[in-house]
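Read through the structure below, which is laid out as structure tokens, and then see the notes.
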Amino acid sequence: MFPQVLATNSSEETSDVTLHTVALPTVISGRWVVVTFGCDGNPTITWPAGWSSMTELADSGNGKKISVRRKLSDGSEGGNITITTSSAEKSAHQSFLIKNFDSGEVPEVKSNTGTSTSARPARFTLTFPTWAPLTSDDLAIVVAMVNANINFTGDLSGSTSPLENDSGGT
């Protein structure tokens with residue numbers, strides 16, 4: 001069996017706050033929940049207990065930060081979690097409920113940053129880790145963070161699904 005996204009949810013904080021309410025999909029005990037959190041500054045990000053880091057990437061020169069964590073659901077998570085930042089920031093969040101993920105396998109993460117002041121920046125290219133190319137047994141979650149209120153669209157070369165989920169601009 002291969003990993004599959006069962007449900008997603010998105011949320012955002014459009015004002016500068018230190019307590020960020022992140023909407024979760026309806027969780028099922030024993031399933032993995034992955035949350036991506038992006039903010040428009042470079043604060044310290046504090047997650048609730050039990051969330052394991054997958055990656056955290058700061059682009060301090062341009063004032064944005066991405067943090068991605070995962071948790072094996074025990075069914076008690078409820079409809080949202082609160083993430084705290086050390087300074088007041090706007091934020092955007094996306095959450096995923098995943099089934100058929102091998103809990104003993106540590107997901108590989110590829111991180112990259114890019115900067116553009118152009119109103120129409122060039123394509124951003126992400127080079128995948130050594131397990132690429134993706135096969136039908138792989139699950140890729142691609143996260144993009146921009147410090148503007150725009151929609152991000154793109155496609156994962158060779159995939160069957162385009163990327164088109166905007167959980168808000170910061």
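Could you pull out every one of the strands (runs of 3 or more DSSP E) wholly within segment 1-89 that has 3 or more residues that are open to solvent by 70 Å² or more (accessible area, probe 1.4 Å) and touching a strand residue (DSSP E or B) at 6+ places or on another chain (Cβ under 8 Å)?
4-23
Could you list all residues from segment 75-88 that are at pLDDT below 90 and within 13 Å of W51 (Cα to Cα)?
Result: E77, single match.
Is segment 97-113 home to any residue that is within 22 Å of S29 (Cα to Cα), modelled with pLDDT of 60 or more and within 16 Å of the chain's Cα centre (by Cα)?
yes
The values are calculated or read from the model by the stated rules, or taken from the named source; none is laboratory data. Bear in mind the structure is a predicted one, so any value in this text is a computation, not a measurement. When we count neighbours, we look across all protein chains shown, and the Cβ atoms used for this are built from the backbone with ideal geometry, even at glycine. To get the accessible areas, we keep the full protein, side chains included, count just its heavy atoms, and leave off ligands, DNA and RNA. Shrake-Rupley method; radii C 1.70, N 1.55, O 1.52, S 1.80 Å.
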